[in-house]
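Every number here is computed from the coordinates shown, using simple stated rules; none is lab data. From a predicted model like this one, the values you see are computed outputs, not experimental measurements. Reconstructed Cβ throughout: ideal geometry from the backbone, glycine too, with neighbour counts over all protein chains shown.
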Amino acid sequence: MPLTRDRWRGAAGVLWLAACAPSPGPDDEQQARIDRETALARQAIEFTAQRYMMHFNAGNADSVAVIYAERGRVMGPNAPAAVGREAIAGGFRTMGPMKPTLSLRTEEVAANGPVAVERGRYTMTVTPPGGSQRADSGKYLIRWRRTAAEWMIVDHIWNSDLPTSH
């Protein structure tokens, strides 16, 4: 049977519809596993965030740094990345004299196996020595890795919602 123009158009239409159809997502069992892992990761991450805020607000830079993986990376705004716990602790030590008060709010966590990504919001106030209190707020992303014992921060980046001033 020869391929007529009408049959060619029909075949092309079927192929076009197939190409436009949404690709199948994970099967139900896989999605259920991801949902369980995400719920457990979020619970652990929110617990760790409480420890993080407590240590940060108390000026315990070394205690904050151990929440990061050994080669963890902090990528704060307007500064080079701090890589490794000692560099991370050193960066946070410089904030101690400003009496920071940090609050974190997890908005979303997605986990799959030993990796999780957290998206959230922060607010922070600082009072520089001899200065007046300043407030900041913004958003952050954290990539976490689960070890045998706990979730550790691997990459941490944030930026302010405030406009830059020159």
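The set of residues from segment 45-67 being within 14 Å of the chain's Cα centre (by Cα) and either farther than 14 Å from H156 by Cβ or loosely packed, with under 15 Cβ neighbours inside 10 Å (or both) comprises just one member, E46. Note on segment 150-164: residues that are charged (D, E, K, R) and under 15 Å from the mean Cα position of the chain (by Cα) total 1. Given the conditions (1) within 25 Å of D136 (Cα to Cα); (2) under 16 Å from the mean Cα position of the chain (by Cα); (3) surrounded by fewer than 16 Cβ atoms within 10 Å (Cβ to Cβ), which single one is not true for K99? K99 satisfies every listed condition except (2). Taking the criterion of being free of Cβ contacts under 8 Å to residues at least 40 places away in the same chain and either basic (K, R) or crowded, with 16+ Cβ neighbours inside 10 Å (or both), the only residue of segment 143-157 that qualifies is R143. Filtered by the rule that a residue be surrounded by 10 or more Cβ atoms within 10 Å (Cβ to Cβ) and within 19 Å of S165 (Cα to Cα), segment 121-137 gives T123, M124, T125, V126, T127, P128, Q133, R134, A135, D136, S137.
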